[in-house]
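See below for the structure under consideration.
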Amino acid sequence: MSRRGSRHPGCWPFLVARGRVVGQRTLLVPGFLAERGLSGLLRDAITGSLTQEGESRHAEASLPDGGRIGLSYRIVQASPPGAEGVVLRDRSGRPVELAYGVVVTGATGARARIPVADAELPGLRPMALEVFARFLADERAFRPLVSAYVPVATLAAGTAPVPEPGPEPARPAAPGRAEPGRKDAPAAPVTRGSGDVVGWPEAAQGRSRAAGPPEARPGLVGWLLSLLRGPGAGLWVVVLLAGWPVALVLALALALRD
C-alpha cells in the first residue's frame, strides 16, 4: 500500500445515497466541488449495481472548466445504524444502497484508480457510515457534509477524518424588509421636529414638484372687485353708493344668471 500511496498522495472522500423518504443525492462532497456547486456531478458519474467483496469500480468525469477527475468507489447494501446485516428499505420498499469512495484530481486513467475495498482503505467505510447515520436522523433538514483533501496513507491506516458541515443555504429576505447596506434599501422617513412621520423622501419630493397650492376660487367680494375694474365701473359705483341692500340683490341676481 505504501507504493500506491506514493503514487496517489491524496484524495477526497465522497458518499452518494438516498434515504427512506428523500431521493438520491451527494451526502459527502469534496470541498473543491462543494465550493463550485458541483456535488451532482458525482451522483451522475456513478453507475452499476452492488459491488462484490473486495471489488472497486472506477469512472471519470469532466469538469465545466475542461479538467477531469477520477472516481474510485463501491456500492454496498445500506443497513440501519447499529443493525449491520439488516436491509434498509425506503418507503416504497426498495433496498437502499450506498455508493462511497474517493475522488482523485490531477490524474487520469490507471493513475486515478485507487482500490477502496475495506482491506485497502479501512478508514473510508466508517466515515461513510457516520455521514449516512447523520443523514438518516433528519433527511429533509440534512445539509451535505464537506470532505477535506486527505492522504491515502491516512485512510489506509484506518483513520477516518471528521467531515465538516456544508455551507448554510442562503435565505431570501422577508418581503417588505430590506437588508442593511443594500442600495435598494428604502430611505428613512421624513419627520418633523416633533418626531411625527410625514412620509418617505421620494413621495415628499414628488408632491412638492407635482402638487401646488389649491386653486383659489373667487368669492363674492372678488367678484364685486372684478366688476369695479371692468367696463361700466362707474355705474356700479353709483349703485353701491345708493345702498348696500340694492347692490347686494343685484350682485346675487347677476351671479345666479351667470
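Laid out as a table, the results:
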item	result
Unique match (being farther than 19 Å from residue 124 by Cα and hydroxyl-bearing (Ser, Thr, Tyr)) among 72, 92, 56, 79	92
Residues (more than 21 Å from the chain's Cα centre (by Cα) and of a type in the set (Lys, Arg)) located in the stretch 18-46	18, 20, 43
Some residue of the stretch 132-141 being over 31 Å from the mean Cα position of the chain (by Cα) and either open to solvent by less than 30 Å² (accessible area, probe 1.4 Å) or modelled with pLDDT under 95 (or both)	no
Scope the stretch 40-50; condition buried (at least 17 other Cβ atoms within 10 Å of the Cβ) and either touching a Pro at 6+ places or on another chain (Cβ under 6 Å) or closer than 17 Å to residue 115 by Cα (or both); matching residues	46
Number of the condition not met by residue 24 [criteria: (1) out of contact with any helix residue (DSSP H, G or I) (no Cβ under 7 Å at 6 or more places or on another chain); (2) of a type in the set (S, T, N, Q); (3) surrounded by fewer than 17 Cβ atoms within 10 Å (Cβ to Cβ)]	(1)
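The rows are residues; the columns are (1) at pLDDT 95 or above; (2) out of contact with any Ser or Thr (no Cβ under 7 Å at 6 or more places or on another chain).
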residue	(1), (2)
86	no, no
89	yes, yes
112	no, yes
117	no, no
155	no, yes
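The values are calculated or read from the model by the stated rules, or taken from the named source; none is laboratory data. Just so we're clear, the structure is a prediction, and the values are computed from it rather than from any experiment. Methodologically, a virtual Cβ is constructed for each residue, glycine included, from the backbone with ideal geometry; neighbour enumeration extends over all protein chains shown. These accessible areas exclude ligands, DNA and RNA; they are computed on the full protein's heavy atoms, side chains included. Shrake-Rupley method; radii C 1.70, N 1.55, O 1.52, S 1.80 Å.
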